[in-house]
Amino acid sequence: MNPDLSAPAPLESSDYFPMITVDDDLWPLDGIAQLISRQSLPEPYRYLLAHRHHMTVTLEDFYQKIVTVRVVDSMRKDNLYSREIVLNPKGEDRVILYGIVRIDLSCCLQEVAAEIVAEKTPLGHILIKHNILRRVEPTGFYKVNPYKGLQNKMRLTQAEELYGRSGVIFFDNRPVIAVLEILGPAHNSNNR
């Protein structure tokens, strides 16, 4: 048998990077997400989602306020760190973003990894502060109808159609961070 045609060896967990998807492990019955095109995003959501910048910076520009992070839940297994977060404008309770993040900490400098797991600073601020060569690539855009659990996490008083994106952040062309980001209702803001 030609060795080039033999079955490939099974993948080890170190051979792939776990992407964020809407699935039973990360988002069990917390809403319905429909994959949509970039062009289907209404404004201001297209401006807020269809770009290759850190979401932290984009939200700060849009709301003209610094954003803060609150970690809802987190877990670490070896060098894979995951967290569920919400972002708020500084000094406000309203949630402007709900997110799920998976990070391969083995690709981060020790000081960067320590800041990430300290859970005090938005991820975008940490990466920018340390001038890490990075590339943000959106992988999908979503229209989301949240169920009660997600509504509560986002402090929504009623079900509203939301929009979000999934994406990957590369360090030196290596996928290191996977994100799912769902925006709060932009019309509830004092944005410009």
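The values are calculated or read from the model by the stated rules, or taken from the named source; none is laboratory data. Bear in mind the structure is a predicted one, so any value in this text is a computation, not a measurement. Methodologically, a virtual Cβ is constructed for each residue, glycine included, from the backbone with ideal geometry; neighbour enumeration extends over all protein chains shown.
When every residue of segment 102-111 is checked against the conditions, none turns out to be of a type outside the set (Phe, Trp, Tyr), more than 18 Å from residue 136 (Cβ to Cβ) and touching a Gly at 6+ places or on another chain (Cβ under 9 Å). Of the residues making up segment 120-134, at least one is over 23 Å from residue 34 (Cβ atoms) and of a type in the set (Ser, Thr, Tyr).
In segment 135-156, the residues that are free of Cβ contacts under 8 Å to residues at least 12 places away in the same chain reach residues that are part of a strand (DSSP E or B) and crowded, with 17+ Cβ neighbours inside 10 Å with C-beta atoms within less than 9 angstrom, at least six apart or across chains, in these pairs: 151/31.
Quick grid of which residues meet (1) at pLDDT below 90; (2) more than 19 Å from the chain's Cα centre (by Cα); (3) among the basic types (Lys, Arg); (4) not in a strand (DSSP E or B):
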| site | (1), (2), (3), (4) |
| --- | --- |
| 23 | yes, no, no, yes |
| 29 | yes, no, no, yes |
| 32 | yes, no, no, no |
| 74 | no, no, no, no |
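Cβ-Cβ contacts under 6 Å between residues 6 or more apart (or on different chains), taken from a first residue in segment 175-186 that is in a strand (DSSP E or B) to a second residue that is at pLDDT 90 or above and polar (S, T, N, Q), are listed as 180/166. Considering 69, 117, the condition of being more than 22 Å from residue 158 (Cα to Cα), touching a residue at least 40 places away in the same chain (Cβ under 8 Å) and part of a strand (DSSP E or B) is satisfied by 69 alone. Among the residues of segment 55-82, those identified as hydrophobic (A, V, I, L, M, F, W, C) and touching a Pro at 6+ places or on another chain (Cβ under 9 Å) are 55, 59, 62, 66, 67, 69, 80. Restricting to segment 77-118, name every residue that is in contact with a His (Cβ under 8 Å, 6 or more places away or on another chain) and of a type in the set (A, V, I, L, M, F, W, C). Residues satisfying the conditions are 109, 112.
Among the candidates 142, 81, the residue that is over 17 Å from residue 55 (Cα atoms) and surrounded by 19 or more Cβ atoms within 10 Å (Cβ to Cβ) is uniquely 81.
Among residues belonging to segment 122-156 that are under 15 Å from residue 177 (Cβ atoms) and assigned to a loop (DSSP other than H, G, I, E, B), point out the one that is modelled with the lowest pLDDT.
Here is the first cut: in segment 122-156, the ones under 15 Å from residue 177 (Cβ atoms) are 122-128, 130, 132-139.
Filter again for assigned to a loop (DSSP other than H, G, I, E, B), leaving 122, 130, 132-133.
On the way: 122: 93, 130: 92, 132: 85, 133: 72.
Ranking the candidates gives 133 first.
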